[in-house]
2 protein chains.
Amino acid sequence: MTTDRTMTIREMCEAFDVTPRTLRFYEAKELLRPRREGQKRLFTKRDRARLKLILRGKRFGFSLEEIRQLLDLYHMDDSQETQLRKTYALAETHLAEMEAQRDELNEAIAELKGQMAWGAKRLKELAPDRAAG
Amino acid sequence: MTTDRTMTIREMCEAFDVTPRTLRFYEAKELLRPRREGQKRLFTKRDRARLKLILRGKRFGFSLEEIRQLLDLYHMDDSQETQLRKTYALAETHLAEMEAQRDELNEAIAELKGQMAWGAKRLKELAPDRAAG
DNA sequence: CGTTACGTTTACGTTCACGTCATCTTTCCT
DNA sequence: AGGAAAGATGACGTGAACGTAAACGTAACG
């Protein structure tokens, strides 16, 4: 019983803090494929997993088109070997990108901390009594 | 003698792989302030440092407006204490964001590696002879 | 049985971050 | 002097990622 309830568009919006427009837009761009009950969209557990990945991808600065490609990585099912290899290769590229980004991010964090230490020192000089934080 | 040569717009473009339009756009948005020699822009070491930070910020998904705020962090000079405190507070916020992003990125990397391991296994089953990578 | 709430499609509007002309100086070369 | 090369200033165009408004369906509620 894997909490496989289907959700309405409103429920999705509240759960993920997005607008209906956004979900319909993602569907138009083929990032989501909710089932239909008549006209109405029904979002499954699978859709929720994909949406989670989409939003994460966005936070990392990937475009929706890039994300669309990436989504297949998490749904490599019974594709042909050729397709599977292509997908795998794409995954390697993106993995490298993400690791590079993480490393650069760590550098940036270190630099920023350095600047803040300098700022804290200056604040301390200006007002030795009131703490800096 | 800190390599403090000023550079023309073309030299900047080649050095950072951007277009003239981009540099003029950043200036219009007050992210850069090159000096002028008559009409012509002259980019100093300081401008180069700022541009580097701008491009990095972009890779991390910050908007130009956010980046503009952040740039002050690296140029906290002789501002008033009040201003310095505000800047410092902003830095703390951004630092937290960046650390959160790094952590999430690490998670995502781990997940992706997991998926790739699964894919590699499937490829191995399909063709035990040809290696996967 | 009206209206309120939720859902749909279609279509035009908007913001960000530039790209792409068109048109003008300034400068350097022959 | 004539002309290409580099730089400048508008002004309009563009792609991505939605926002927003109009017009419609339908299902439940008082």
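The values are calculated or read from the model by the stated rules, or taken from the named source; none is laboratory data. Keep in mind that what you see is a predicted model, and the values were worked out from it rather than measured. Counting neighbours? That spans all protein chains shown, and the Cβs are built from the backbone with ideal geometry, glycine included.
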| task | Among the residues of segment A:5-24, write down those that are in a helix (DSSP H, G or I) and more than 9 Å from DNA strand C (Cβ to nearest atom). | result | A:Glu14, A:Ala15, A:Phe16, A:Thr22
| query | From the list B:Ser63, B:Ser79, which one is among the small types (Gly, Ala, Ser) and within 16 Å of DNA strand D (Cβ to nearest atom)? | reply | B:Ser63
| For A:Asp129, which of the numbered conditions (1) at pLDDT 85 or above; (2) farther than 17 Å from B:Ala89 by Cα fails to hold? | (1)
| query | Within segment B:3-15, can one find any residue that is out of contact with any Leu (no Cβ under 8 Å at 6 or more places or on another chain) and under 25 Å from A:Lys113 (Cα atoms)? | reply | no
| said: Can you pull out every residue in segment B:44-72 that is assigned to a helix (DSSP H, G or I) and β-branched (Val, Ile, Thr)? | reply: B:Ile54, B:Ile67
| Qualifying position, being within 13 Å of another protein chain (Cβ to nearest Cβ) and at pLDDT below 95, among B:Lys86, B:Lys52 | B:Lys86
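Here's the yes/no breakdown for (1) away from DNA strand D (no atom under 16 Å from the Cβ); (2) closer than 27 Å to A:Glu97 by Cβ; (3) facing chain A (nearest Cβ under 9 Å):
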position	(1), (2), (3)
B:Val18	no, yes, no
B:Leu71	yes, yes, no
B:Leu90	yes, no, no
B:Leu95	yes, yes, yes
B:Met98	yes, yes, yes
B:Gln101	yes, yes, yes
B:Leu112	yes, yes, yes
| query | Of all residues in segment A:25-46, which are of a type outside the set (A, V, I, L, M) and touching a strand residue (DSSP E or B) at 6+ places or on another chain (Cβ under 8 Å)? | reply | A:Glu27, A:Pro34, A:Arg35, A:Arg36, A:Arg41, A:Phe43, A:Thr44
| request: Could you please give the count of residues in segment B:8-45 that are at pLDDT below 95 and either under 30 Å from B:Leu105 (Cα atoms) or under 16 Å from the mean Cα position of the chain (by Cα) (or both)? | output: 0
| query | Would you pick out the residues in segment B:26-43 that are near DNA strand D (Cβ under 9 Å from one of its atoms) and part of a loop (DSSP other than H, G, I, E, B)? | reply | B:Pro34, B:Gly38, B:Gln39
| request: Would you tally the residues in segment B:46-88 being free of Cβ contacts under 8 Å to residues at least 40 places away in the same chain, within 19 Å of A:Ala110 (Cβ to Cβ) and among the aliphatic types (A, V, I, L, M)? | output: 8
